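**Q** Submitted below is the structure of interest, expressed as structure tokens.
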There are 2 protein chains.
Amino acid sequence: MIKTEALQVELIQVEQIIEARWVVPVDPKNSLYEFYAVVMNHQLIVDVLPTLQARMKYQANEVVVLDDHVLIPGLINAHTHAAMTVMRGIADDQPLMVWLNEHIWPAERAIVTERYVEDASLLACAEMLAGGTTCFNDMYFYPQATATAATKAGIRAHLGLTVLEFPTNYAVDADDYLLKGFEAHDSWRGNNLISSMLAPHAPYTISNQTFEKVLTYAEQLGLGIHTHLHETRDEISQSEVTYGVRPIQRLATLGMLGPGFVAAHGVHLLPHEIDMLAEYGSHIAHCPASNLKLGSGIAPIDALLKNHVNVCIGTDGAASNNRLDMFSEMRLAALLSKGVSEDASVLPAYDALKMATINAANAIGLDTKIGSIDIGKQADLVAVKLSDFSISPCYDPVSHLVYSCGREHVTHTWVAGALRYSNGTYANIEPVELKEIIQTWQPKLRQYKH
Amino acid sequence: MIKTEALQVELIQVEQIIEARWVVPVDPKNSLYEFYAVVMNHQLIVDVLPTLQARMKYQANEVVVLDDHVLIPGLINAHTHAAMTVMRGIADDQPLMVWLNEHIWPAERAIVTERYVEDASLLACAEMLAGGTTCFNDMYFYPQATATAATKAGIRAHLGLTVLEFPTNYAVDADDYLLKGFEAHDSWRGNNLISSMLAPHAPYTISNQTFEKVLTYAEQLGLGIHTHLHETRDEISQSEVTYGVRPIQRLATLGMLGPGFVAAHGVHLLPHEIDMLAEYGSHIAHCPASNLKLGSGIAPIDALLKNHVNVCIGTDGAASNNRLDMFSEMRLAALLSKGVSEDASVLPAYDALKMATINAANAIGLDTKIGSIDIGKQADLVAVKLSDFSISPCYDPVSHLVYSCGREHVTHTWVAGALRYSNGTYANIEPVELKEIIQTWQPKLRQYKH
């Protein structure tokens, strides 16, 4: 009798293994793995290896087999206002300043309370989880209420400590906004899912003095800065009249630009401004759908990428998109860059996927924690089923993710190793809760509809 | 006792009534009806009236109640190549001429047979029905095979009698293409679902002599003409070298332009060429996703609309899109026009819906039969559910159709009064058939992948 014990290797016990037909780790080599497994333990990715090897090395409490699926890093929405979901479609076909001054701001003044923000953010979290988004970079009033909703839903949130000059229900002046932001920030210590950034709204709503305060706090607390920048031509002309320079130059002079600076939109940028962003190592959160829908224009993404500016993708809020859908945003970003530059090879599929994952993690300073499927990172993962007839056949899963799939093909969304959404069902959100949120807030908002 | 018999009205017996929360008929007044019913009998729409009135007037064999839905005319895909579904994603990130010369045409030479076209067209019909498309304007080899697939699926097809100069499996020269087209055309007489148009491929593949023949036949048979036009700058430069004029001028001189002329793409058009299209009453089939994806550019839709050129929307083939999805195409058309013109009020939602319905019916000469929900027209209808959380709340169903919904919200698709698709199931197509089609053809095509 041959002794077999010597060959027996003890299997390592882990919590969960996902065996997928394909895994796209999102790495610098543009890897695509076939018949691969991702091993998860204590919220983390602990191994990424061929499925056959995984079976010989690990024993899991739970194995999820995804025969027709591609597993990708959770998508990161790099610029949104989650709590605007209930304003979805209240002012379509209006330019930014009319949209903002005549519809959105009056509605916000009347409606926005801590309760509103928590409710509307929960609806947004549900929409994002179902569409494969596992983290969002937010800017809105009452960030602590958005944190409550995100924590409940089990989605990761990078929350803006929003600053404005004008009084709202939330705060009376810039100092009060900052104070409330820091209170919220302090309360999130030790929360694995919640992190934050300072979020002065925009150069056209923030004074030099307030920007300087924001900068001081950002340096003291080691926080990044998230703002709207060069979204419209009007905003730039206004700045030239008021400050004698374009907004980006004003911010540069104030010392705001740097590797922790995330500018949402960046639609209108001159070549030397693109150089400036590259030199400072600042980031652009590209919002293609919102920029088109509000008539703001088309950001020069091809030029930004050629100049090595880090570009990520955001949906903006549901009032100007009207979907918090990173799949349609990836597709639009890729198609738009090809069309505008009249070059089909610009922004290929893998690069669009990077913009929706690792580039966003870089921008918000979470790249050691999320943004790719890598050992030691948080297990923020999304499974996308590629076998539906409406997207068949599939020759290349990465091309499919960007050009053929929609968010409706997402079947599983894990955040920090926990399954938060699967095939129409949420781990922690009941349909009746979402229904109640809509029934509570929609009637109050209807009067502000265009 | 009061006599009640005198008040009794005999109910009119009909086949089917759809009671919908909303009905968008697509009419010149941009109507939107709430709590309305559409009454169908013998393939036709026989009444459109408030649900409460419908219940007092009609008795139906079947009543479909759609509490959360909007009912719209079936979408019409104004330019596609249905049989290219199996080539979905085989040559991404490539410019048109490389895509065509190095990938698509070699694959077609090797693979395309009558059997291939029937199989691949059936997959396309399944995709289109599930996405709310009830009619498609096609251009491909073996149109009789596409007709077979369309008839089986129960979708309406307006099929190009395709003409090329070069030999393929299908035909040896232009005369042979024409001959085969007319044989197919004759075989469709009396088929309510199939109609046709002459389809000379493009000015860069068709000689003057052949265009003249096409024109003669079009006049004799009362058929329209469908061709590719001004899709790329290259095609225009080539024409200037070969013919001394731009393609549209060459076609005008040949007498091809007129109210029966549908030009796919029209990306690069000078102001006087837009005037020319308007004067002749010709039509543009706008293919925004394909034009972006191949790097062809962005069509001047705002200028075309301002000059009263009839613009409709097409997906193009699945090899250059990669979805046969009229919802994403409507959204892209609307967003793109706003962004390019930097005016959010350009191409509002109702107009985008017209481009995907009645404008397309006009272009292909079927406007008395389809394209709107109107008494006497064919009952080509689509129900879209607006209550999913990811698209809630809904303030305006028309805005929602264009800016928030995806094709995944389509629940029912009727063609000529028959329910052809409902909640994932086809009336006449089995999943196993589609699976076999993919398993048969994908391995043969894989070698032509980029």
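Every number here is computed from the coordinates shown, using simple stated rules; none is lab data. Everything numeric in this text was worked out from a predicted model, so none of it was measured. In this analysis, Cβ positions are derived from the backbone assuming ideal geometry, glycine residues included, and neighbour counts consider all displayed protein chains.
**Q** Taking A:Lys369 as the anchor, which aspartates and glutamates have their alpha carbon closer than 17 Å to its alpha carbon, excluding any fewer than eight residues away along the same chain?
**A** A:Asp27, A:Asp47, A:Asp380
**Q** Still on this structure, please answer the following. What residue among B:Pro167, B:Pro300, B:Pro203 has the largest mean-square fluctuation in a Gaussian network model of chain B, using Cα springs under 10 Å?
**A** Greatest mean-square fluctuation among the candidates belongs to B:Pro167.
**Q** Ok, one more. B:Lys213: which lysines have alpha carbons under 25 Å from its alpha carbon, excluding same-chain residues fewer than 8 sequence positions away?
**A** Hits, sequence-local ones excluded: B:Lys180.
**Q** Report the Cα centroid-to-centroid distance between the range B:339-374 and the range A:331-405 in angstrom, as an integer.
**A** The two parts, judged by their Cα centres, are 32 Å apart.
**Q** How big is the Cα convex hull of the protein assembly as shown in projection, averaged over all directions, in nm²?
**A** Working: hull surface 179.0 nm².
Averaging across all directions leaves 44.7 nm² for the Cα convex hull.
**Q** A further question follows. State the antiparallel share, in %, of DSSP beta bridges confined to chain A, rounding to the nearest 5. Each step should come with its number before you reach the end.
**A** Working: 29 of 67 bridges.
Taking every DSSP beta bridge with both residues in chain A, the antiparallel ones total about 45 percent.
**Q** Under 24 Å Cα to Cα from A:Lys57, which lysines show up? Leave out anything in the same chain fewer than 8 places away.
**A** A:Lys3, A:Lys377
**Q** If you wrap the range A:75-363's Cα atoms in a convex hull and average its projection over all directions, what's the area in nm²? Let's see the in-between values first.
**A** Numbers: hull surface 53.1 nm².
Over all viewing directions, the range A:75-363 projects a mean Cα-hull area of 13.3 nm².
**Q** Additional query: By the scheme Lys and Arg +1, Asp and Glu -1, what is the net charge of all other residues having a beta-carbon under 9 Å from that of A:Leu96?
**A** Working: positive: none; negative: A:Glu231, A:Asp234, A:Glu235.
So the surrounding residues net to -3.
**Q** Taking every residue in A:284-297, how many Cβ atoms of other protein chains lie within 10 Å of its Cβ, on average?
**A** The shielding value for this peptide is 4.
**Q** May I ask you to sort B:Cys394, B:Cys125 by Cβ crowding, counting other Cβ atoms within 10 Å and putting the fewest first? Can you show the working numbers first?
**A** On the way: B:Cys394 23, B:Cys125 30.
Going from least to most buried by this count: B:Cys394, B:Cys125.
**Q** Among B:Thr210, B:Thr440, B:Thr133, which one shows the biggest mean-square fluctuation in a GNM of chain B, springs joining Cα atoms closer than 10 Å?
**A** Residue with maximal mean-square fluctuation among B:Thr210, B:Thr440, B:Thr133: B:Thr440.
**Q** Sticking with this structure for a sec: Cα axis of helix A:233-243 to longest principal axis of chain A: angle in degrees, 0 to 90, nearest 10?
**A** That works out to roughly 50 degrees.
**Q** Ignore the peptide's own chain and count Cβ atoms of other chains within 10 Å of each Cβ in A:101-108; give me the average, rounded.
**A** Neighbouring Cβ atoms belonging to other protein chains average 0 per residue here.
**Q** Using the 10 angstrom Cβ neighbour count as an exposure proxy, how do B:Tyr204, A:Tyr177 rank, fewest first? Could the numbers behind the result be given before it?
**A** Details: B:Tyr204 17, A:Tyr177 26.
So the ranking, lowest neighbour count to highest, is B:Tyr204, A:Tyr177.
**Q** Mean separation of Cα pairs under 8 Å and 6+ residues apart, divided by the residue count of chain B: what relative contact order is that in percent?
**A** This gives 21 percent for chain B.
**Q** Residue by residue through the range B:340-347, which ³J(HN,Hα) values in whole Hz follow from phi under the Karplus form 6.51 cos²θ - 1.76 cosθ + 1.60 (θ = phi - 60°), with glycine and proline marked x?
**A** Running phi through 6.51 cos²θ - 1.76 cosθ + 1.60 with θ = phi - 60° gives 5, 8, 6, 8, 5, 8, 5, 6 Hz.
**Q** Identify which of B:Pro73, B:Pro28, B:Pro95 has the largest mean-square fluctuation in a Gaussian network model of chain B, with springs joining Cα atoms closer than 10 Å.
**A** Largest GNM mean-square fluctuation: B:Pro28.
**Q** Among residues other than B:Ser328 whose Cβ falls under 9 Å from its Cβ, what is the net charge (Lys/Arg +1, Asp/Glu -1)?
**A** +2
**Q** With 31 Å as the limit, write out which pairs from A:Lys306/B:Lys444; A:Lys29/B:Lys293; A:Lys29/A:Lys385; B:Lys354/B:Lys385 have Cα-Cα distances beyond it, or answer none.
**A** Checking Cα-Cα distances, A:Lys306/B:Lys444 exceed 31 Å.
**Q** May I ask you to derive the FRET efficiency for B:Val432 and A:Met97 from their Cβ-Cβ distance with R0 = 60 Å, giving the value to the nearest 0.05?
**A** E(calc), rounded to 0.05, equals 0.60.
**Q** Using the Cβ atoms and a cut-off under 10 Å, what net charge is assigned to the surroundings of B:Thr210, where Lys and Arg are +1 and Asp and Glu are -1? Please list the in-between numbers first.
**A** Working: positive: B:Lys213; negative: B:Glu165, B:Asp173, B:Asp175, B:Glu212.
The answer is -3.
**Q** Also, quick follow-up: Using Cα pairs closer than 8 Å and at least 6 residues apart in sequence, work out the relative contact order for the range B:368-407, in percent.
**A** Details: 21 pairs, mean separation 9.2, N = 40.
Reported as a whole number, the value is 23 percent.
**Q** Can you pull the one-decimal nm distance between simple spin-label points at A:Asn208 and B:Asn423, each 7 Å off the Cα toward Cβ?
**A** Distance between the two pseudo-spin positions: 6.5 nm.
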